[in-house]
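Novice: Take this structure, written in structure tokens, and hold onto it; I'll ask about it next.
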Amino acid sequence: MIIIVKQNTKEERIRDLIAWIESQNLRTHVSSGDYTTIIGVIGDTSKLDEELISGLDIVEGVKRVSEPFKSSNRKFHPQDSVISVGDQKIGAGHFAMIAGPCSVESREQIISVAKSVKAAGATMLRGGAFKPRTSPYDFQGLKADGIELLLEAKRETGLPIVTEIMNANHLPLFEDVDVIQVGARNMQNFELLKELGRIRKPVLLKRGLANTLKELLMSAEYVMAGGNENVILCERGVRTFETTTRNTLDLSAVPALHELTHLPVVVDPSHATGVARYVKPMALAATACGADGLIIEVHNDPPHALCDGAQSLRPEQFEDVARCVFQIRQTVQQLG
Ligand code: PEP
Ligand code: MN
């Protein structure tokens, strides 16, 4: 349920209304815009007397929100959310350019990639330390040592770091990580999502291999229901009958999610296509259709990468992509 409060209502009256709602075992989410305040009510609202609330002199209107995702729903929070990551922001016109290798492989590799993507305009560094590989015989990541190396790269370049968690027991290792990634394979690991709801660090939540946008939003809801509202959604392609590309990039997810939710949406053209030469056109298309950021795999020596070399850009290719993306961004902003 959302309650639209009349303009110029005193703070104190709004606080009283919230306290009354919360006394009935419900949670509230308040969104204050320039002209209106909206109180989102979360929980079993069936027992709330809608007529009684509509009749209050400070209430402009009451609407039931039928969608099961509440906290992430744009009806609860009409303005775009802005998520802060260190001194960077994402959402509401703030664009994140996240780049780095699929996996952290060595000090030399991560520092050199970090420096080159930063020089090309990246705003965050990605790199997997815990890798969700299809085969148990493939490189599984450097784990805790990988996180240490990412932190070293952060100290060298100042770039905030984004890295994937696979097990909630590893959370203590993520203390100094800026954005915790939940990979496609864990999008519906509800126990992990609940744990991430207990912290306040930004979570980059990737869409599952065969999940709908509604399911993605319900997973975001697991994190937000715990009180962590810092969720960034990521479209990374879904599984279809097509085999030319690794996945099928669902770009319509960007405008559709923007309609359904206030959370920022980034696009991963690397895992979506699996082919380095398709990354640039898809990155440009994602930017043109309004993505709030991109996450792109970059490796200093793709043919020898321990993971996902075929889709990784060399630093100079990333530089070219970033330059074109920033131009498209300008055009998108000018067009409004
Ligand atoms: C990754 O970003 O390294 C990754 C494993 O991505 P996804 O979960 O989208 O497959
Ligand atoms: Mn990868």
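The numbers here are math on the coordinates, done by the rules we state, and not lab data. This structure is a prediction, so every number in the text was calculated from the model and none was measured. Using ideal geometry, Cβ is built from the backbone for each residue, glycine included, and neighbour counts are taken over all protein chains shown.
Novice: Could you sort 43-53, 235-245, 261-271, 299-309 so that the peptide with the highest average Cβ count within 10 Å comes first and the rest follow in order?
Specialist: Packing order, densest peptide first, comes out as 261-271, 299-309, 235-245, 43-53.
Novice: Calculate the FRET efficiency for residue 289 and residue 215 from the Cβ-Cβ distance with a Förster distance of 25 Å, rounded to the nearest 0.05.
Specialist: The formula returns an efficiency of 0.75 here.
Novice: I'm a student and want to see the number: the projected area of the Cα convex hull of the chain, averaged over all directions, in nm².
Specialist: Averaging across all directions leaves 17.9 nm² for the Cα convex hull.
Novice: So if I take the centroid of the Cα atoms in region 165-244 and the same for region 246-323, what is the distance between those two points in Å?
Specialist: Region 165-244 and region 246-323 have Cα centres spaced 18 Å from each other.
Novice: Working from Cα positions, state the angle (0 to 90°, nearest 10) between the long axis of helix 11-22 and the longest principal axis of the chain.
Specialist: Compared with the principal axis, the helix lies near 80 degrees.
Novice: A follow-up question, please. Residue-wise, which Karplus ³J(HN,Hα) couplings in Hz belong to region 64-71, taking 6.51 cos²θ - 1.76 cosθ + 1.60, θ = phi - 60°, and x for glycine or proline?
Specialist: 7, 9, 7, 5, x, 8, 9, 4
Novice: To make sure I understand the rule: partners must be lysines, Cα under 27 Å from the Cα of residue 10, and not fewer than 8 residues away in the same chain. Which ones qualify?
Specialist: 47, 63, 70, 75
Novice: Follow-up. Based on DSSP H runs of at least 4 residues, each adding -39500 (n - 2.57), what is the mean residue ellipticity at 222 nm of the chain after dividing by all its residues, to the nearest 500 deg cm²/dmol?
Specialist: Here the helix-only value at 222 nm equals -10000 deg cm²/dmol.
Novice: A further question on this structure: Whose amide H sits under 5 Å from the amide H of residue 296, counting only residues 5 or more places off or on another chain, with H placed in the peptide plane?
Specialist: Counting only residues 5 or more places away or on other chains, the set is 98, 99, 100.
Novice: Excluding residues on the same chain fewer than 8 positions from residue 194, give the aspartates and glutamates whose Cα lies under 18 Å from its Cα.
Specialist: Candidates past the 8-residue exclusion: 164, 175, 215, 221, 229.
Novice: Also, quick follow-up: Amide H of residue 73 versus every other amide H placed in the peptide plane: which residues, excluding those fewer than 5 positions away on the same chain, fall under 5 Å?
Specialist: Here the answer is none, since no amide H 5 or more places off falls under 5 Å of that of residue 73.
Novice: Separate question: Using +1 on the beta carbon of Lys and Arg, -1 on that of Asp and Glu, and nothing else charged, what's the dipole of the chain about the Cα centre, debye to 20?
Specialist: Using only the charged Cβ atoms, the result is roughly 340 debye.
Novice: Now for a separate question. Lysines near residue 154 by alpha-carbon distance under 16 Å, same-chain residues fewer than 8 away left out - which ones?
Specialist: 115, 118
Novice: Pop out the ³J(HN,Hα) list for region 215-225 in order, Karplus 6.51 cos²θ - 1.76 cosθ + 1.60 with θ = phi - 60°, rounded to Hz; leave Gly and Pro as x.
Specialist: The phi angles translate into 5, 4, 5, 5, 5, 4, 4, 4, 6, 6, 4 Hz.
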